[in-house]
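Just so you know, all these numbers are worked out from the coordinates, no wet-lab data involved. Just so it is clear, the model here is predicted, and its values are computed rather than measured. Counting neighbours? That spans all protein chains shown, and the Cβs are built from the backbone with ideal geometry, glycine included.
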Amino acid sequence: MSQIPLHWSRRALLGLLAATALSTAQAQQWPDRPVRFIVPFAAGSGTDIVARLVGQKLSEAIKQPVIVENRVGASGAIAAAAVARATPDGYTVFIATQTTQASNAGMFKKLPYEPIKDFEPVTMLGTIPLILVVHPAVPARTVAELQAHMRANPGKLSIGYGTGGAQVTAELFKTQSKSDVLLVPYKSNPLALQAVIAGEIQMMVIDPGPSLPLIEAGRVRALAVTTAKRTPIAPQLPTMIEAGMAGYELSAWYAALLPAGTPAAVRDRLNAELVKVMALPEVRQQLGSAGIDAMSSTPAQLARFLETELERWSTHIRNAGMIPE
């Protein structure tokens, strides 16, 4: 049996016991009111799809409403900052992505939140490939043909983006293509995708959720995926690496985070509930149909993953020659 250090005062010991008792009591009471899922991107985005499905199933499990709030703006920074400042009691959950927790740190000189220390990791929710799509009028059916078309028309083609992560994919594509292509920002990826459909811009890199139905309908054309290996949802598409873009390996992901300082017992209770939700066959099937590989993790596994992703995306940002704003 471990012993209490002799130098601890009776007051410190009582404080520790009280804190432990409070944490346990909070976990036993949680949840006794609605839980909020804060989504940093617009309705219809991949993040929103995950939040609404997972939120519905979590609500059924915990017998409390799960309210999904879309707080759009500043490449997800508005939502992230709101969660970082929220009361750490387990009732405000951030549906985070590689944009909010990884790429933003290298794209902005100053963020209103700290991607690592301001949050308590709970669990991974899923990973997803990204797809390079073009307007059907673009005379290219391969990445090589697209690059040739871009070089033959300097300054005449545009690539859009609606998140910080999407901007990194666009900047990296421009840099590696060695072409003069215009980058056009939008408030969300779905808006950028609508611009591709309308022919306002010619291309973008986007997640499968909103793009797969449009690809199948012929309203946009898919050229490649950004993952290291081909994806089961579109096995005919080559990877960007296969298409000749060495080192172009990026993927999107979703995770559940809490504000830093949330009691460990509450975090662990939420983790347990979400792990069960992510294992449900209907959740895996519905997310899979949107190209999302449902998954879960321990808080410690997610913490290590977040550190690795922060470094990965920072490296890509440097390689793309991007200057923090």
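The HN-Hα couplings worked out from phi for segment 138-154 by the Karplus form 6.51 cos²θ - 1.76 cosθ + 1.60 (θ = phi - 60°) are 5, x, 8, 10, 9, 4, 4, 5, 5, 4, 5, 5, 5, 5, 6, 10, x Hz, whole numbers, x standing for Gly and Pro. Measuring max minus min along each principal axis, the C-alpha atoms of segment 95-142 give extents of 47, 28, 14 Å (largest first). Structural size metrics of segment 154-304, computed from C-alpha coordinates, are Rg and Dmax of 18.0, 57 Å. The C-alpha atoms of segment 131-225 occupy a region whose extents along the principal axes are 30, 26, 22 Å, arranged from largest to smallest. Roughly how big is the chain's charge dipole about its Cα centre, with Cβ charges of +1 (Lys, Arg) and -1 (Asp, Glu), in debye to the nearest 20? That gives a dipole near 240 debye. Under 5 Å from the amide H of Ala252 lie the amide H atoms of Ile128, Leu130, each residue being 5 or more positions distant or on a separate chain, with H modelled from the backbone and absent for Pro and chain starts.
Taking amide H as placed 1.01 Å from N in the peptide plane, the amide H of Val68 sits under 5 Å from that of Phe37, each at least 5 places away or on another chain. Derived scalar couplings between HN and Hα for segment 184-197 equal 10, x, 10, 6, 7, 5, x, 5, 5, 5, 4, 5, 5, 4 Hz in order, rounded to whole Hz, by the Karplus curve 6.51 cos²θ - 1.76 cosθ + 1.60 (θ = phi - 60°), x for Gly and Pro.
Add +1 for every Lys or Arg and -1 for every Asp or Glu among the other residues with Cβ under 14 Å from the Cβ of Arg267, and state the total. The partial results should precede the final answer.
Details: positive: Arg269; negative: Asp89, Glu120, Asp268, Glu273.
Once all neighbours under 14 Å are counted, the net charge is -3.
Exposure proxy shown here: for Asp207, Asp293, the number of other Cβ atoms within 10 Å sets the order, fewest to most, as Asp293, Asp207.
Across the cross-link table entries Lys178/Lys229; Lys174/Lys229; Lys117/Lys178, which are compared at the Cα atoms, the separations over 28 Å belong to Lys117/Lys178. Note on segment 171-220: Rg/Rh from Cα positions, Kirkwood definition for Rh, rounded to two decimals, is 0.98.
Highest mean first, what order results for 175-185, 260-270 on Cβ atoms within 10 Å?
Packing proxy ranking, top to bottom: 260-270, 175-185.
How large is the helix-only mean residue ellipticity at 222 nm for the chain, computed as the sum of -39500 (n - 2.57) over DSSP H runs with n ≥ 4, divided by its residue count, in deg cm²/dmol to the nearest 500? Mind dumping the intermediate values first?
Details: 11 runs with 138 residues, N = 325.
The per-residue figure over the chain is -13500 deg cm²/dmol.
Rounded to the nearest Hz, the phi-derived 3J(HN,Hα) couplings of segment 224-240 under the Karplus curve 6.51 cos²θ - 1.76 cosθ + 1.60 (θ = phi - 60°) are 6, 10, 9, 7, 5, 10, 5, 9, x, 6, 8, x, 6, 7, x, 7, 4, where x marks glycine and proline. Counting every C-alpha pair in the chain, the share spaced more than 29 angstrom apart comes to 39%. Normalised by the number of residues in segment 124-241, the average gap of Cα pairs under 8 Å and 6 or more apart makes the relative contact order 36 percent.
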